[in-house]
Amino acid sequence: MIKLEFNGKPFNPQNFTETLLKAAMESVAEEMHDKVSAIRHPVTGEFPTVVVSGTSLEDMSMRIEGSPELLSLVNERLGVTHDADSGTEPDLIVATTPKVFLSYAWEDKELASRIAHALQANGIDAWWAEWCMSAGDSLRQKIEEGLGDCSHFVVLLTTNSISKPWVNLEIDAGLMLKLQSQAKFIPLRYQLSVEHLSPLLRGMLSPSVDAPEQDITQLINDIHGVTKKPALGKAPAVASFGNQVNDSGYSSAANAIAKVFVTSSDHALKFDPWIDIDALTKKTGLSKEDVIDAVHELRGMVTVHTTGSFYPENELFATFDRFWMPWNPKDDALTLAADMHNDIEFPTSPEIIAERYGWEARRLNPAMAYLVNRKLVRDTTCLGSGAWLVTRIQRTDETRRFVKSRQ
């Protein structure tokens, strides 16, 4: 029986990617622990701890835990600074200008040059060996400087580069930066299928640059954080009614219809106003089917005429005025009923009542409609009432009972 081991431990070939991932995470944790374990707070004696979290290379992260004083000391020792006035925990500073370390094989120099020049021309500081290294420079030192200063590690993966030891060493360094949340790791494929990548890289999004001009533009946008997602448009007007009116007991569509009548009426009377279906769809953003269903929901308060137009009943204003007018007909009705009950000489004419209260017909009519529709008063109507719902309104025993029960 063949037994396979990795780092001295047995593993299942079917879980090879997961095994490599776990090993990489453990390796990073050990390396970071070694680096920070010697840092000890001089007063409390506290040592920091290193936590690696995540289930894939895409969501791996690493953090150092400890008291604020200890974390401040750790960041100071590691050369990381933060804004003391920001109110946030110390974190790595991301440069305003993105910095890319470009890893590639010598055979792919021409394509790498095009990518590096395109990045540089579009506000991205690119580390490319051809212009970042001079005669006599230490190859290792210069590469370490480029890696240590980058915000994005970009590797050009081709049939040439995937077998180059030096490129693979740089990939290891790039993955380490990713795990430490110091840089984003971006693998670029050129004429190379995903199947040819290592298990670790296969689990990452690796854009193809087979059409360099177009694909490099996307790479530039990704590095600058330009989202592919379209700008969020404005929600339909009807969508806001559910939030504006959350206690009416009616749907957002019905609330939208009611608002049109409430805000368009001059006197809050039946037939005021008449609105056809096209106008309602335009004002509310509803479809014709939604308008019809909403009017059906408001039956008894909105009526459909044989011509296909719609008009309000008096009760619509008594019910819905409170949401969009600076008064509540129910409260106004209680005020009116209480005065009618308490004052034997209270006027019965709406014109005089309105004058006493300083109300227009637009406000008094819904209050009277509230009382009339609930049979809490005696009312008289006749043709030619003008702007008023009734010509006379008088108290009854129901008026008294209403006032006493509400007060």
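Screening LEU175, LEU188 for residues that are touching a residue at least 12 places away in the same chain (Cβ under 8 Å), in contact with a Ser or Thr (Cβ under 8 Å, 6 or more places away or on another chain), within 18 Å of TYR104 (Cα to Cα) and not acidic (Asp, Glu) leaves exactly one candidate, LEU188.
Annotation note: of LEU334, LEU269, LEU316, the sole residue that is surrounded by 14 or more Cβ atoms within 10 Å (Cβ to Cβ), in contact (Cβ under 8 Å) with a residue 60 or more places away in the chain and closer than 21 Å to SER385 by Cα is LEU269. If you filter region 275-313 down to residues that are free of Cβ contacts under 8 Å to residues at least 24 places away in the same chain and of a type in the set (Asp, Glu), you find that the one that is farthest from ALA254 (Cα to Cα) is ASP278. Identification of helices (runs of 4 or more DSSP H) wholly contained in region 336-407 with 2 or more residues that are farther than 23 Å from PHE261 by Cβ yields 350-357, 397-406. Please go through region 382-399 and give me each residue that is over 53 Å from the mean Cα position of the chain (by Cα), closer than 19 Å to TRP359 by Cβ and either of a type in the set (Val, Ile, Thr) or outside the structural domain of ILE344 (by TED's automatic domain parsing) (or both), ordered by number. Passing the criteria: THR391, ILE393. Checked against (1) surrounded by fewer than 16 Cβ atoms within 10 Å (Cβ to Cβ); (2) closer than 22 Å to GLY300 by Cβ; (3) under 47 Å from the mean Cα position of the chain (by Cα), LEU371 meets all criteria but (1).
Across region 266-312, the number of residues qualifying as more than 34 Å from the chain's Cα centre (by Cα) and at positive phi comes to 4.
The values are calculated or read from the model by the stated rules, or taken from the named source; none is laboratory data. All figures in this text were calculated on a predicted structure; none of them were measured in a lab. Don't worry about glycine lacking a Cβ; one is built from the backbone with ideal geometry, like all the others, and counts go over all protein chains shown.
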